[in-house]
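The values are calculated or read from the model by the stated rules, or taken from the named source; none is laboratory data. Treat the numbers as computed from the prediction; the structure is a model and nothing was measured. Methodologically, a virtual Cβ is constructed for each residue, glycine included, from the backbone with ideal geometry; neighbour enumeration extends over all protein chains shown. Heads up: the accessible areas ignore ligands, DNA and RNA and are worked out on the full protein's heavy atoms, side chains in. Shrake-Rupley method; radii C 1.70, N 1.55, O 1.52, S 1.80 Å.
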Amino acid sequence: MSARGARLNIGVLGGTFDPVHVGHLRPALEVKSALALDQIRLVPCHLTPHRPQPARSTALRADMTQAALDGLDGFVVDPREMRREGPSYTVDTLASMREEAPEAALYFLLGVDSLNGLDGWHRWRELFALSHLVLMRRPGHTLNGFATSLIEEYGACAERALQTQAGCLLSVDTTELRVSSTAIRALLARGGDPQFLVPDSVRTLLLDRTDYQDCHD
Ligand code: ATP
């Protein structure tokens, strides 16, 4: 049962999570609370269509993501992209969630950098037929012309999003954290400690392993 009534409201945050960090987790938590979502699913991308394939395996990236969520109510790792053959297109991921839960409202969370590049995503227009999109601010990234035009087209319907299952672009005023996986990988490659940039459980895994040593991506 939803916090808002009978409809299930599911948030979806797709990412490479190489590694997962507080810039993913804190804004997602704030979106969950602001929109009264029942659940947030973190979906580790398996075969990354929009960027070079990371050297770290999907299993490792998913394990770290799981470790980040341990003990956190209302958050789960969703392994469906790991189980699917071929490029991990978000449109396929949302379509399969929609099929599983036809009555649910889906909210796909993404940072400004992702929205700016959405026109390069496979069948991106269909995302709006499958889910709402929820924009999270990100320091160092401002909306480009394309993202601004999307906000004009889909953005003026925050009220309507509460009544519908898909089709709105919402902006949530999330805490701006200047954290990226790229910067954390660079830090680890220099032998640095990512304390407070990632949950302690993730830090422990990272410091126990050598996957990010000599990492140049
Ligand atoms: P990389 O540095 O490897 O590109 P990343 O830090 O951008 O990684 P991803 O896993 O690629 O992390 O991001 C998944 C989603 O989370 C994207 O929609 C991205 O915009 C969003 N995101 C990542 N970091 C932040 C942040 N600090 N604030 C807001 N959104 C973020």
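Observations
- Its Cα centre serving as origin, the chain has a Cβ charge dipole (Lys and Arg +1, Asp and Glu -1) of approximately 100 debye.
- The long axis of helix 90-100 is offset from the longest Cα principal axis of the chain by roughly 60 degrees.
- Debye log10 I(q)/I(0) at q = 0.12, 0.13 Å⁻¹ for the chain, Cα point scatterers: -0.61, -0.73
- The phi torsions of the stretch 123-138, fed into the Karplus equation with coefficients 6.51, -1.76 and 1.60 and a -60° offset, translate into couplings of 6, 5, 4, 5, 4, 6, 7, 9, 8, 7, 10, 10, 8, 10, 5, 8 Hz, rounded to whole numbers, with Gly and Pro shown as x.
- Structure-based [θ]222 nm, the chain - -39500 (n - 2.57) summed over DSSP H runs of at least 4, per residue, nearest 500: -10000 deg cm²/dmol
- Heavy-atom accessible area for R26, with the other protein chains in place and a 1.4 Å probe, reaches approximately 120 Å².
- Total formal charge among the other residues, if their Cβ is under 13 angstrom from that of L94, Lys/Arg +1 and Asp/Glu -1: 0
- Distant-in-sequence amide contacts of L47, defined by a placed amide H-H separation under 5 Å and a gap of 5 or more residues or a different chain, comprise S88.
- Computed from phi, the 3J(HN,Hα) profile of the stretch 34-45 under the Karplus parametrisation 6.51, -1.76, 1.60 (θ = phi - 60°) reads 4, 9, 6, 6, 7, 7, 10, 9, 8, 10, x, 6 Hz, with x in place of Gly and Pro.
- Under 5 Å, built H, 5+ apart or other chain: amide partners of G111: M136
- Fraction of antiparallel bridges per DSSP, the chain only, in percent to nearest 5: 5
- Scaled against the 2.2 N^0.38 Å expected of a compact globular protein of N residues, the Cα radius of gyration of the stretch 28-152 reads 1.07.
- Amide H contacts under 5 Å for I40, placed H, 5+ residues apart: G11, F75, V76
- Exposure check, 1.4 Å probe, all protein chains in place: H50 carries approximately 90 Å² of accessible surface.
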